[in-house]
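Novice: Quick one: the structure is below, and I'll ask about it shortly.
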Amino acid sequence: MENENTFNSALKVNEGISQPDSLNQAAIERLKTYKRNILPSKQYTEGILRGDIVMLSKAITLIESSLPEHQLVAQEVIASCLPHTGNALRLGITGVPGAGKSTFIEALGMHLTEKGRKIAVLAIDPSSQRSKGSILGDKTRMEQLANHPNAYIRPSASAGTLGGVARKTRESIILCEAAGFDTIFVETVGVGQSETAVHSMVDFFLLILISGAGDELQGIKRGIMEMADGIVVNKADGDNIHRANRAKAECENALHLFPSAESGINPKVLTCSSLENSNIDGVWQMIVDFISATRENGFLEHKRLSQTVAIMHESIQDDLKRNFYNNDEVAKHLHVIEKEIATQKMSSYIGASKLLEVYYRSLKDKNQKKE
């Protein structure tokens, strides 16, 4: 009788949809294969020098990797490519979010590809401090340029580095130059802290502003405007032309209050419309004139030599930091000292001093064992 009631009931339990595995096994297998299939550095170098975009992308992926085995191969590739670099024009692009940096780069990039130039865009996307993820959406924002055969767009996650500048952008520039790209764009995330880092790796630093957002100079740091080799007020189209011209005049007045530029060339302020391709050629002419003038007065060569020295110092700092945190003895004491600081039993300065003592002692012990 019980079975009959159950059979005639309007309530029925349907079988659920089987849930997929929480782990993507296919992706795991691809990662395992990738780790096994690291090519010899010579193969990467040969591919880059013949302009193989796939090999260039793989080499940049190695550069961005933190795995020691990847870094070993990456540094060999960089050393091999270095003699084939130095002839490209390096442009830094910065500006507040919403200023139209990506649209501007696409407009200028398309203008240059029509002239026969080869463009590489190294776009830095902000990484989440919580998930460490990044959208990497610049290829969708520069769809026309991304599909051009003479253009290469490489979005990279900022990986939490100061101001959102990817730690390995300089090395990526070297590989792009070796691959035959004669114009390199470095686009910052526009958060206000990355400008110094980008300025230290480019020949021309362009600041993009917009009008119609209240006080045009409000929130723009004096230091950023002092670093700029040129300023462009973007979105000068439609009803916004008058406001763009007013913003241009205000910027020019502000620049008169600044000391003379180190390059000896006072920065110009122009208006343009990336959407309508208005005055894009004028912006490019401003850049060309600046490069010609600084090449003539020797500033360009001086700046690049200074940049190479700065790279050495930054590399030393990066290596020391990495070696410190990878030290086994430091790893043993780190969590304990962090806990003591968090419970206010020890000051941050004493904690740092103790960890450094542990680090130097471990190096000394290691050297004594070798002897």
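The values are calculated or read from the model by the stated rules, or taken from the named source; none is laboratory data. Please read all numbers here as calculations on a predicted model, not as lab measurements. Reconstructed Cβ throughout: ideal geometry from the backbone, glycine too, with neighbour counts over all protein chains shown.
Novice: Please go through region 220-274 and give me each residue that is closer than 16 Å to Phe204 by Cβ and part of a strand (DSSP E or B), ordered by number.
Specialist: Gly230, Ile231, Val232, Lys268, Val269, Leu270, listed by residue number.
Novice: Okay, moving on. Would you mention how many residues in region 161-200 are at pLDDT 90 or above, within 19 Å of Glu301 (Cα to Cα) and surrounded by fewer than 20 Cβ atoms within 10 Å (Cβ to Cβ)?
Specialist: 1
Novice: Would a scan of region 321-328 turn up a residue that is in a loop (DSSP other than H, G, I, E, B), surrounded by 11 or more Cβ atoms within 10 Å (Cβ to Cβ) and at pLDDT below 95?
Specialist: Within region 321-328, one or more residues are in a loop (DSSP other than H, G, I, E, B), surrounded by 11 or more Cβ atoms within 10 Å (Cβ to Cβ) and at pLDDT below 95.
Novice: Yes or no: Leu136 in contact with a helix residue (DSSP H, G or I) (Cβ under 8 Å, 6 or more places away or on another chain) and either at pLDDT 90 or above or under 25 Å from Glu314 (Cβ atoms) (or both)?
Specialist: Here the answer is no, as Leu136 does not meet what is asked.
Novice: While we're on this one: Please go through region 224-283 and pick out each residue that is over 25 Å from Arg304 (Cβ atoms) and among the basic types (Lys, Arg).
Specialist: Listed by number, the residues that qualify are Lys235, Arg243, Arg246, Lys248.
Novice: Take the residues in region 71-110 that are closer than 17 Å to Arg50 by Cα, in contact with a Leu (Cβ under 9 Å, 6 or more places away or on another chain) and of a type in the set (S, T, N, Q); name whichever of them is surrounded by the most Cβ atoms within 10 Å (Cβ to Cβ).
Specialist: For region 71-110, the residue satisfying everything is Ser80.
Novice: Being in contact with a Cys (Cβ under 9 Å, 6 or more places away or on another chain) and touching a residue at least 24 places away in the same chain (Cβ under 8 Å) is true for just one of Ile291, Ile280, Ile287, Ile311. Which residue is that?
Specialist: The unique qualifying residue is Ile280.
Novice: Name the pairs whose Cβ atoms lie under 7 Å apart, with the first residue in region 77-98 and without any contact (Cβ under 8 Å) to a residue 40 or more places away in the chain, the second β-branched (Val, Ile, Thr), and 6 or more positions between them or separate chains?
Specialist: Note: pairs meeting the criteria are Ser80/Thr45.
Novice: Does Ser274 meet the test of being under 30 Å from Glu114 (Cβ atoms), in the same structural domain as Thr94 (by TED's automatic domain parsing), buried (at least 21 other Cβ atoms within 10 Å of the Cβ) and modelled with pLDDT under 90?
Specialist: Judged against the criteria, Ser274 is not a match.
Novice: Looking at region 74-90, which of its residues are touching a helix residue (DSSP H, G or I) at 6+ places or on another chain (Cβ under 7 Å) and of a type in the set (A, V, I, L, M, F, W, C)?
Specialist: Across region 74-90, the qualifying residues are Ala74, Val77, Ile78, Cys81, Leu82, Ala88, Leu89.
Novice: Here's a follow-up. Residues in region 232-273 that are closer than 17 Å to Met286 by Cα and among the basic types (Lys, Arg): how many?
Specialist: Residues that pass the stated criteria total 2.
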